[in-house]
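Down below is the structure, laid out as structure tokens.
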């Protein structure tokens, strides 16, 4: 399952950091961040709980870019 989320991030480099942090999160099969559109596409692993995975993604993204936001 793939879902799209709105994000708030200041620069393309920060968006790349968010993308990698999301990819490194358990339950995420793949992730792409489009800085220009301010969108994050997340593909979840089969059987993953979307809400808990996205909370973990947000937590991991805040570690690399503390002023980013994901609108879950």
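The values are calculated or read from the model by the stated rules, or taken from the named source; none is laboratory data. Everything quoted here is computed from the prediction, not taken from an experiment. Here Cβ is always computed from backbone atoms with ideal geometry, including for glycine, and neighbour counts include all displayed protein chains.
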Task: Within the range 36-72, tally of residues that are closer than 16 Å to residue 1 by Cα, surrounded by fewer than 16 Cβ atoms within 10 Å (Cβ to Cβ) and out of contact with any strand residue (DSSP E or B) (no Cβ under 7 Å at 6 or more places or on another chain) - done: 5
TODO: Go through 19, 69 for me and flag whichever is in contact (Cβ under 8 Å) with a residue 60 or more places away in the chain and either at negative phi or touching a helix residue (DSSP H, G or I) at 6+ places or on another chain (Cβ under 6 Å) (or both).
DONE: 69
Open item on the list: Being modelled with pLDDT of 95 or more and assigned to a helix (DSSP H, G or I): is that true of residue 21 here?
Closed with: yes
Open item on the list: Which condition from (1) in a loop (DSSP other than H, G, I, E, B); (2) without any contact (Cβ under 8 Å) to a residue 40 or more places away in the chain; (3) surrounded by fewer than 16 Cβ atoms within 10 Å (Cβ to Cβ); (4) touching a strand residue (DSSP E or B) at 6+ places or on another chain (Cβ under 9 Å) is the one that residue 32 breaks?
Closed with: (1)
